[in-house]
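The values are calculated or read from the model by the stated rules, or taken from the named source; none is laboratory data. Since the structure is predicted, the reported quantities are computational estimates derived from the model, not experimental observations. Cβ: placed from backbone, ideal geometry, glycine included. Neighbour counts: every protein chain shown. The protein model used for the area step is the full one, side chains on, heavy atoms only, and it has no ligands, DNA or RNA in it. Shrake-Rupley method; radii C 1.70, N 1.55, O 1.52, S 1.80 Å.
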Amino acid sequence: MEKIVEMIEGKPMTTSIIVAKKFGREHRTVLRSIETLDCSDEFRAHNFVRTDYKSVQGHNKPMYRMTRDGFTFLCMGFTGDKAAKWKEAYIKAFNMMEDRLTQQNEALEWKQARLQGKAARKSVTDAIQRFVEYATNQGSKNASRYYSNITKMEYAALDLISQREPVPSNFRDTLDALDLAFLTTAEYIAKAAIEQGMAAGMDYKDIYTLAKQHVMRFADTVRITRIGETRINHPGLPKLK
């Protein structure tokens, strides 16, 4: 089936040739209609692109590519049952193409955020490993628990999950791009606080408290409520001994 709307240079567009064919008009008539539209030069430049196509005789002939707005401006005066049918078909096709483009952009943003999150997680895990050794040398009996507790502290601060709630498998893959970006920043903040505390020779318990305070301060600046979704308020965080 012939596509009436295609993605051209990142935009959903149709052509004067397809419009002429679907609306039962001669192409030269559609060209003349486009060239005599009572619109501003700015609108024309943004919504119509003149180009060439090769005819069946092998000759280069002019045609226009047009955006949704260009199509709407051109065809709003077309009347009749056939015109109404194709107007609806074009609107549906433009909507489907724009929805697909939105989904692709969202998927790309998510992939980028996930990759950045993995890099942050590796960096933070390395810092926590040094912190675990630091805490153990200061006498901590449960220092290894900091791997999970610092992570869950970040989740709870950002209202992603309750501190006492088990973390589901592949939890980060369920987060959207915005929450992944917030989490990446929170992890870098926690890492900076941990490294700052160790460099200053602080007690390991105070270092954990410092990291928590910095992450909570960041979370307070970015906490949002999504429409139709109940976010979990973070409970009191347990202290390690």
Could you give the size of the charge dipole of the chain about its Cα centre, using +1 on the Cβ of each K and R and -1 on the Cβ of each D and E, expressed in debye and rounded to the nearest 20? 460 debye
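Over the chain, what is the relative contact order in percent, taking alpha-carbon pairs closer than 8 angstrom and at least six residues apart?
17 percent
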Suppose all protein chains stay in the model; what accessible area per residue would a 1.4 Å probe give for the chain, in Å²? 59 Å²
Segment 94-186, relative contact order in percent, only Cα pairs under 8 angstrom and at least six apart counted: 37 percent
Apportionment of accessible area to carbon and sulfur, the chain, percent (1.4 Å): 51 percent
Highest mean packing first, using Cβ neighbours within 10 angstrom, the peptides 198-209, 29-40 sort as 198-209, 29-40
Span-rule helices in the chain, defined as complete DSSP H runs reaching 27 Å or more along the axis (Cα) with Kyte mean at least 0.0: 177-199
